[in-house]
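As structure tokens, the structure follows; a few thoughts come after it.
Each reported figure results from applying straightforward, stated rules to the coordinates on display, with no laboratory input. This structure is a prediction, so every number in the text was calculated from the model and none was measured. Cβ placement follows ideal geometry from the backbone for every residue including glycine, while neighbour counts extend to all protein chains displayed.
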Amino acid sequence: MENLFEVKDVSLRFGGVVSLSNVSMFQKRGEILAVIGPNGAGKTSLFNSLTGVYQPQEGTILFNPKDKPQLSIIGKKPFTVSDSGIARTFQASRMFNALTTFENVKIGAESHKGIGVLGAMFRGPATRRDEHTSDEHTWSLLEFVGLKDRANVIASALSYGERRRLEIARGLATNPEVLLLDEPAAGTNPSEKNDLAILIRKVRDEMGVSILLIEHDMKLVMSLAERLYVLNFGSVIAEGTPEQIRSNQNVIDAYLGTASEEETDNA
Amino acid sequence: MSGFFHYFSSHFESFRGEFWALFFGGIGSGIIYAMVAIGYTMVYGVLRLINFAHSEIFMIGGFSGFFVLKYGIGSSTPSGLSSVFFVILGILAGGIAGSLSAVVLERVAYRPLRKRGAPKIAYLISAIGASYFLINIAAKEFGRIGQSMVQPYTDHAVFTIFGAPIQMYTIIILIVSVLMFLALDRIVSATKLGRGIRAVAQDSETASLMGVNIDKTIAVTFLLGGFLGGVAGFLYAMNFGVLYSMGFTPALKAFTAAVLGGIGNLRGAVLGGLILGIVESLSVSFVNPAYIDVVAFAILILVLMFRPTGILGERLGRDA
Amino acid sequence: MKTLLTKKTLKFVGALFILSELAAIMTGPPGNPTHQFDGFKGSLTDPTSLLGLFTTSRWIVFFVYGILASLIVYLVRTKQNVVGKVLEAQRSVSANKTFRIIFFSALVILVVLLPTLIKDAFWQNAMVSQIAVFVLLALGLNVVTGFAGLLDLGFVAFYAVGAYATAWCTGALPLPALFGIHLNTFYAIPIAIALAMISGIILGIPTLRLRGDYLAIVTLGFGEIITVFANNLNGVTGGAMGTGQVPHFAIHVGPVNYVWGIPPVPYYYLTIVFVGIFMIAFSLLEHSRVGRAWTAIREDEVAAESVGINPLKYKVLAFAIGAASAGFAGVMTAAQSNYVTPATFTLGLSINVLVLVIFGGMGSITGVVFGAVVIQTITMYLIHNPPAGYQPQDLYIYIGALLVIMMIFRPAGMIPSRRRSRTHASAASGQE
């Protein structure tokens, strides 16, 4: 069986600054994979390259969804990438603040349907049926992430932990095959962090959605991830299971060099 | 089709004849665009927004110089040292009025929004409102017909290059602008104020953590940009006279110049201004004069569509 | 006494002084082109009366007005937040469904009966050409600016397309008529709307890729270019003179022969029917998938793209739909006045429409209709009964000032959209 993601020799530069250099990696279907590395190592650049926000100058990124054709991501727009089954969250939660929790998720649920201007204006039976399906889907996802009782709250009024859940629900609403989580635990308290880990695992186990995760919090990563890549200065310096990574000399060196930064970040 | 080629070739003959005259004329107007473009670019650098009301700073500068000369000079055109005096007086009047109005503008129309963290569209609307207010109050107070400037000297060709006469006016703009560009470059790259501006332009949050006074830095940015814009308004008015709506077209072109050079980039603004001035001036030979403003605008759209970061790229601070 | 002389109070008094003197200049006599300072001088020194109590220089009177106004604001703010309570009450009342039904039916009846209540010829004409048509324009711009968050300063271009398309269909232009025959003006409606929508798409596809501030400038330039072309393409548009031969609407079906003519009342009914249609259609759209996608793009384009929304597609759609009602407004203007000239389609008009939307409340359909009716009525009143020294062009000064004031004090407008006010509230609490 093919891998879900196949990243080969990807390099990304901004002007003279190299953000990713020759990054190669893969993700197996159904895997919880993590990418770690010190600040500025290129983790978010990698995410943005995987989702079509950035366009790397070299290399290939292939995505193999189960029942859709293979997608070569470089050169595609983010919404096309989303269509093919990749959902993501953002480092600083980015929600639609003027909308309610429910509407935020519903947007994800209905974004892959056509534009439907006339349907919206005339409210035919097809439109109403569509709305009904999206509503049901939205409710089930809100229940899944535990935000059902917060459905009619304005998104900006949610707590950090709730926002993370909302983002996950919104991503899941697009029926993805993989969910990319950009530092989901940032800004959450220990108990929220714990709940989040449980939720992430539940997403994979119950929904069959693979997880690709960037995280600073080592405890969370090591307990969640089945395999890790370590990035430093835009290159992959190590790959392996949590145990292998823990004892890898390269990784220890890279992290010791920035240990002080890490602490301030996690504080 | 043949008619078109005939039109083109006959124009080309005369075009060769007047090429250099148009070229130097283009440099003259280009430098003025550059001065205004710097105002756009500096404000963009620190606030990440287009100061829509900059065209009115230009207009205010033009009118201030106009009034100083109108009430300062009697009925006869001065000569010699007194010409120099009045030119400097006009420049200072334009510059100071431009600075003051830019600072007031920032205080009234932008700062309250900045304190609130308003969305970007709110800034744009507020700026358009301020611009519209100023334009129309000028129309009400100063009349709706153009007036020509009382000249502080008698314009004449000083020398010729490639057969093209170089007017005193062109020489004055060149000297003034080069002096101002050099001064600005020094201020931005070598003084504490300039360091503040560059720090805010790169990352205003970090800059404020490092003790840079954001409010003051932004005010200074408007002050400097307003000075150049005001002086440009005066220099423009020396040639074209004053009118309440005089700022609209030059400012649109200056904005084009700023984008062309790379918004946020000071040297880019100068380069963009010169390129735009020359291209526009040369296109006089080929384009129906009624559509001449469309040329600059077409350039703007092409640049925005195909190279929105401009020739030198977007930045302010790193290499000024 | 000491507490009164703090830096803060001094600053406040200074600002109050400058603002009140600005207001004095705004409302004062105009300048004289040869003695330009006469206007300023007169604005500050002319004698005027303070609430009829005594007469003194304007600069003192306006400063006193400023002090009075700020005292009122101060009292209202400190005394248990009266404004907040009034707004709260309004909100809870308007949330009541029965009340809403009664209120809106009363409003509809009033709108229908209006021409019988107002007999004055000036106002009957203004109701169509200056109020109803501007409601249409504001509704259209609201889709673009309110729903999708795109600042279009050349919105007047679509209005122009609608008007010129009408003239074209009916054979009023130098350009040979569309389809070679002079169509009845009614047929111009779908054609003009379609052409306006197409021009929205054509204009939108290249420009809507741009960032918001660039979009504003580019649309501003397009609006100006349209005027340049309309003025200069004599063989197509009739040049600066335009055309004065657009026919009135007419129905000739079987025994029915009805021609709309000089009396504005039939036009009034025709226009408000369309206003109603556009209001309902846009409101359905706002609460549909399309409206939610627009809000998503407006709030956070990157996030919207990440859930699969194609921003360009939806922005172009907003342009096209907004252009539809502007195009229809163009038909009404052309048919009712019989004239289409470039002088109508100025940058000033675009900004005028923007003010209606901002004042009423971006994104709020009720709000923009309210804004358009109120502001246009005041404008018309000032033209019909000008106060001493008022010139029609002075209006633009007030419009400019109003835009700034709204952005500072009430960015969501007088009747905020529920979604929009949330945006501003969340921005205020620093959570973007």
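Binning every alpha carbon pair distance of chain B at 10 Å from zero, what are the percents per bin?
Pair shares across the bins are 6, 26, 34, 23, 9, 2, 0.
For peptide B:135-148, how many partner chain Cβ atoms fall within 10 Å of a residue's Cβ, on average? Present the calculation step by step, with values, prior to reporting the outcome.
Values: counts 4, 11, 11, 3, 7, 13, 13, 8, 8, 3, 1, 1, 3, 0.
Mean partner shielding for this stretch: 6.
Just to verify a number: FRET efficiency for A:D253 and B:L209, C-beta to C-beta distance, R0 = 35 Å, to 0.05?
Details: r = 30 Å, r/R0 = 0.86.
In this case the efficiency is close to 0.70.
Pop a pseudo-label 7 angstrom from the Cα along the beta-carbon direction at both C:F12 and C:V302 and give the gap in nm to one decimal.
Label-label distance for C:F12 and C:V302, simple model: 4.1 nm.
Jot down the radius of gyration and Dmax of chain A, Cα atoms only, both in angstrom.
Taking only Cα atoms of chain A, I get Rg and Dmax of 19.0, 65 Å.
Quick one: what are the phi-derived ³J(HN,Hα) couplings along the stretch B:112-124, Karplus 6.51/-1.76/1.60 with θ = phi - 60°, whole Hz, x for glycine and proline?
Those phi angles translate into x, 6, 5, 5, 8, x, 5, x, 4, 4, 5, 4, 4 Hz.
Test of understanding: express the Cα radius of gyration of the stretch B:223-320 as a ratio to 2.2 N^0.38 Å, with N the residue count.
On the way: Rg = 14.0 Å, N = 98, 2.2 N^0.38 = 12.6 Å.
This ratio for the stretch B:223-320 stands at 1.11.
Residue by residue through A:154-161, how many Cβ atoms from other chains fall within 10 Å of the Cβ on average?
Details: counts 6, 4, 9, 5, 1, 0, 0, 0.
Partner Cβ neighbours, averaged per residue: 3.
Sort largest first and round to whole Å: the equivalent ellipsoid semi-axes of the stretch B:108-153, each the square root of five times a Cα gyration tensor eigenvalue. Could the numbers behind the result be given before it?
Details: eigenvalues 219, 30, 13 Å².
The three semi-axes for the stretch B:108-153 are 33, 12, 8 Å.
Which distance in nm do the two modelled labels at C:D38 and B:S79 give, with both placed 7 Å along the Cα-to-Cβ direction?
Distance between label points: 3.5 nm.
Largest first, please: the extent of the C-alpha atoms of the protein assembly as shown along each principal axis, to the nearest Å.
92, 86, 83
Please compute the net charge surrounding A:G161, taking Lys and Arg as +1 and Asp and Glu as -1 over other residues with Cβ under 10 Å from its Cβ. Don't jump to the answer; show the numbers that get you there.
Details: positive: A:R163, A:R164, A:R165, A:K193; negative: A:E162, A:E192, A:D195.
My count for the surroundings of A:G161 gives +1.
Would you please give the FRET efficiency between B:K216 and C:T116, computed as 1/(1 + (r/R0)^6) with r the Cβ-Cβ distance and R0 = 60 Å, to the nearest 0.05? Before the final figure, lay out the partial values.
Values: r = 62 Å, r/R0 = 1.03.
Efficiency computed from Cβ-Cβ geometry: 0.45.
Equivalent ellipsoid semi-axes for the stretch C:271-373, as square roots of 5 times the alpha carbon gyration tensor eigenvalues: give them largest first, rounded to whole Å. Please report the intermediate quantities before stating the final value.
Details: eigenvalues 159, 46, 39 Å².
So the equivalent ellipsoid measures 28, 15, 14 Å along its semi-axes.
What per residue convex hull volume, in Å³, do the alpha-carbon atoms of the stretch B:167-243 yield? Kindly include the intermediate steps, with their values, before the conclusion.
Numbers: hull volume 6.7 nm³, N = 77.
In the stretch B:167-243, the Cα convex hull volume per residue is 87 Å³.
If R0 is 45 Å, what FRET efficiency do you get for C:S57 and B:L182 from their C-beta distance, rounded to 0.05? Don't skip to the end; give the middle numbers.
Numbers: r = 47 Å, r/R0 = 1.06.
Once rounded, the FRET efficiency stands at 0.40.
What ranking, highest mean first, results for peptides C:70-76, C:19-25 when packing means the other Cβ atoms within 10 Å averaged over each residue? Mind showing how you got there, number by number?
Details: C:70-76: 11.7, C:19-25: 19.9.
Sorting C:70-76, C:19-25 by mean packing, highest first, produces C:19-25, C:70-76.
Looking at the protein assembly as shown, what % of its DSSP beta bridges pair antiparallel, to the nearest 5?
Looking only at bridges with both residues in the protein assembly as shown, the antiparallel portion is about 70 percent.
Take every residue in peptide C:386-395, count the Cβ atoms of other chains within 10 Å of its Cβ, and give the average of those counts. Intermediate results must be reported in sequence, preceding the final value.
Numbers: counts 0, 0, 0, 0, 0, 2, 0, 4, 4, 1.
What the average comes to for C:386-395 is 1.
So if I restrict to the alpha-carbon atoms in the stretch A:7-152, what is the Rg, and what is Dmax, the biggest pairwise distance, in Å?
That works out to 18.5, 56 Å for Rg and Dmax.
Please work out the Kirkwood hydrodynamic radius for chain C, using every pair of different C-alpha atoms, and report it in angstroms with one decimal place. Show your work: numbers first, answer last.
On the way: mean 1/r = 0.0418 Å⁻¹.
Result for chain C stands at 23.9 Å.
Around B:V295, with a cut-off of 15 angstrom between Cβ atoms, what is the net charge of the other residues, counting Lys and Arg +1 and Asp and Glu -1?
On the way: positive: B:K253; negative: B:E280, B:D293, C:E224.
Here the charged neighbours net out to -2.
Order A:123-131, B:242-250, B:59-67, B:146-154 from most to least packed using the mean count of other Cβ atoms within 10 Å. Show your work: numbers first, answer last.
On the way: A:123-131: 13.0, B:242-250: 21.9, B:59-67: 28.4, B:146-154: 16.9.
The densest-packed peptide leads the list: B:59-67, B:242-250, B:146-154, A:123-131.
With n ≥ 4 as the cut-off for DSSP H runs, can you work out [θ] at 222 nm for chain B, using -39500 (n - 2.57) per run divided by the number of residues, rounded to the nearest 500?
The helix-only estimate for chain B comes to -25000 deg cm²/dmol at 222 nm.
Cβ neighbours within 10 Å, averaged per peptide: list A:213-224, A:69-80, C:191-202 in order, most packed at the top. Walk me through the numbers on the way to the answer.
Details: A:213-224: 19.4, A:69-80: 16.2, C:191-202: 21.3.
So the order, starting with the most tightly packed, is C:191-202, A:213-224, A:69-80.
Mind giving me the nanometre distance, one decimal, between the label points for A:E2 and C:A388, set 7 Å out from Cα along Cα→Cβ?
Here the answer is 8.4 nm between the modelled labels.
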